[in-house]
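Here's the structure we're looking at; comments come further down.
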Amino acid sequence: MPPVFAQEGHLSATSLVPDGDGGTGTRMTDHEERREALTGTRVLARSTLWNIIGRLGPMVVALLATPLLVHKLGVPRWGVFTLALSLVGMFGVFDFGVGRVLARTVAEHLGEGRGDEAASVVWTGTVLVTIFGVVGALLGSLFVPYLVRSVLTVPPELHRQTILGLYVLAAAGPLIVLNGALWGVMSAFQKFAAANLANIPVLVMYYLGPLAILYVYDSLIGVMAVLVVCRAAITVAYWMICLRSMPALRNARFDLGAIRPMLAFGSWITVSNVIYPVMLYLDRFVIGSLLSVSATAYYATPADLMNRFWLVPIAVMNAVFPAMATEFRADPARTAAMLRRSMIFISATVFPGCLCAIVLPGPLLEIWLGHDFSQHAAPILRWFGIGMFIQCLVFVPAGLLDSLGRFDITAKLLAAETAIFIPLLFLLVSKFGIEGAACAWLIRVSLAFGASLTMAGRLYPPVRAEIWRVLPVLAAGLVLMALPLLASALIVQLALMAFVMLTYLALLWLHSLTMDERRQLGVTFARFARI
């Protein structure tokens, strides 16, 4: 891989590279080579694969370690541990969007050949989020005794170790927000292989570490200390990767002038970060208040199952978002193609799982949770199968809007969705129960997808043709998903599901991919076939 940036004006060298149609090739400047190294299709594919591996590996370990941790901790302390993990995740809101802003800023500077100039912005941003993290940790610590004694139902004999354990965990606060900012910098350089190789062993230790320490020091204090050490290890690894990617960071200075625009962008991201969790869990609280806690369980379980599909769009857009920010000024055609290809890949990947949820919700839930639970939850899984196919695609136009620096549009659309969703949710739940809630959610994600695509096309016209190249196929896919429901026999449904999946992939291949993309994929498939 060539160096990601060089001194301004040092662009005399050129290299001969093959063009997209396999011709004799065109000469690329050093700057164009560096952009290609950050936004090429193969680079983004590798980055996406590493992001998936980085999430799946620790997830498998967590599933295997959970029974052992529950046994060793006991149910009350396990509850505190899971709460601690939730608090760790929620603490990221204290970066006030700076991490996302840094990813875009660095990527845009790289796209313009001004990578060195971003070093001061990165240094300023990391110092800023660290300060935010320290303040947030101190404020959070003040509420720990009240939280343990008055809010949470913690057994009295566990009060002391829970309070001390959460005090220890508060030390991870600055590390959490700093890691988020450093991840943004690494993503701009497409350093996902290095980042995930650093992540995987540390996140594995998130579960194995507490399990090991319990054999030496049977207390939540030791468990929380392990979590802090894990976060510190990630911070060190991230810093090393960032310094290697951006040597100018070693001599960077704090830039007061960068704070205001950074916080201006970040404030809109913070609005989204505050609204989204409310939107994510509001339906469960409404069901619990209007119906029953049991109804909430029947709704939340299939919802949580389908939420696992977010792994795909998150992995893709973590790689594609900084690439879009790098290219949107210099190469609009490539940026637009990134949007189309991302939608094709995401839809093709999640389509089979969503189809299974739509056609076979009863059998799937019966195998997993039993007949009685399946009777109540199967209709909800079907609704979520339809909606998840749509919601996974929302990540793509939303990522494009963010790459353009229009974080305000994302926040405003989310606020508008909330204004529509809340009264609709109460109305449909009161009339149709938990199926009404699922229907309200489906309407919300459909509106979000339509609004995001519309705004993307309006603010960045080059994507319009690419959207229309893929949108009819996505619509056809939704219609095709209903075809197996016309049959009642399971064997016929399975046959129709196979037909639908093959038909959908064929439509994507023939209508949404270009001839050159089909040729390149054909070569790739042929290589795999020879292995």
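Could you pull out the chymotrypsin sites (Phe, Trp or Tyr not before Pro) across region 44-148 that fall in loop regions by DSSP (anything but H, G, I, E, B) with no more than 15 other Cβ atoms inside 10 Å?
Within region 44-148, the qualifying chymotrypsin sites (Phe, Trp or Tyr not before Pro) (loop, at most 15 other Cβ atoms within 10 Å) are F143.
Calculate, in nm to one decimal, what I367 and L505 gain on full extension: separation in residues at 0.36 nm each, minus their alpha carbon distance.
Result for the pair: 46.8 nm of gain on full extension.
Determine by what factor the alpha-carbon radius of gyration of region 267-526 differs from 2.2 N^0.38 Å, reporting the quotient.
Region 267-526 yields a ratio of 1.05.
For R464 and M59, what does the FRET efficiency come to when R0 = 56 Å and r is the distance between their Cβ atoms, rounded to the nearest 0.05?
0.90
Is region 364-504 rounded, prolate or oblate when judged by the Cα gyration tensor, a ≥ b ≥ c being the square roots of its eigenvalues, rounded requiring a/c under 1.5 and prolate requiring a/b larger than b/c?
Oblate is the answer for region 364-504, as a/c is 1.5 or above yet b/c matches or exceeds a/b.
Percent of Cα-Cα pairs more than 46 Å apart in the chain, please.
The calculated P(r) of the chain puts 15 percent of pairs beyond 46 Å.
Suppose we keep just the alpha-carbon trace of region 37-254; what are its Rg and Dmax in angstrom?
Cα-based Rg and Dmax for region 37-254 come out at 18.8, 60 Å.
So which lysines pass the test for K431, namely a Cα distance under 18 Å, with those fewer than 8 places away in the same chain ruled out?
Qualifying lysines at Cα under 18 Å: none.
Working out 0.36 nm times the residue gap between L485 and R253, then minus their Cα-Cα distance, what length gain in nm do you get to one decimal?
77.3 nm
In what sequence, highest mean first, do 270-280, 430-440 appear when ranked by Cβ atoms within 10 angstrom?
Going from most to least packed, we get 430-440, 270-280.
How high is the FRET efficiency from A45 to H159, r the C-beta distance, R0 35 Å, rounded to 0.05?
0.10
What shape does region 485-531 take by its C-alpha gyration tensor, where a ≥ b ≥ c are the square roots of the eigenvalues and a/c under 1.5 counts as rounded, a/b above b/c as prolate, and the rest as oblate?
Oblate, because a/c is 1.5 or more while a/b does not exceed b/c.
Please check which bits of region 114-133 a label hung off A232 would reach, taking the label as a point 7 Å along Cα-to-C-beta and the cut-off as backbone N under 18 Å.
130-131, 133
Taking Cα centroids, how far is region 268-339 from region 352-372 in Å?
Between the Cα centres of region 268-339 and region 352-372 lies a distance of 23 Å.
Under a crude label model (7 Å from the Cα following the beta-carbon direction), how far is F525 from Y276 in nanometres?
3.4 nm
Run lengths n ≥ 4 of DSSP H only: what is the helix-derived mean residue ellipticity at 222 nm for the chain, with -39500 (n - 2.57) per run over all residues, to the nearest 500?
Only helices count here, giving -27000 deg cm²/dmol.
Show me the helices of the chain, taken as full DSSP H stretches, that run 30 Å or more along their long axis by Cα and average 1.0 or above in Kyte-Doolittle hydropathy.
118-142, 192-214, 220-245, 259-290, 332-359, 407-432, 434-459
Across bins of 10 angstrom width beginning at 0, how are the C-alpha pair distances of region 204-279 distributed, in whole percent?
15, 21, 30, 26, 8, 0
Rounded to a whole number of µm²/s, how large is the Stokes-Einstein D of region 259-319 at 20 °C and 1.002 mPa s, given Rh as the Kirkwood radius over C-alpha pairs?
153 µm²/s
Looking at region 60-147, which trypsin sites (Lys or Arg not before Pro) are in a loop (DSSP not H, G, I, E or B) and have at most 13 other Cβ atoms within 10 Å?
Passing sites in region 60-147 are R114.
List the chymotrypsin sites (Phe, Trp or Tyr not before Pro) within region 245-347 that DSSP assigns to loop and that have no more than 15 neighbouring Cβ atoms inside 10 Å.
F254
Every read-out reported here was derived from the displayed coordinates using simple, explicitly stated rules and does not represent laboratory data. Because the structure is a prediction, the values reported are computed rather than measured. Using ideal geometry, Cβ is built from the backbone for each residue, glycine included, and neighbour counts are taken over all protein chains shown.
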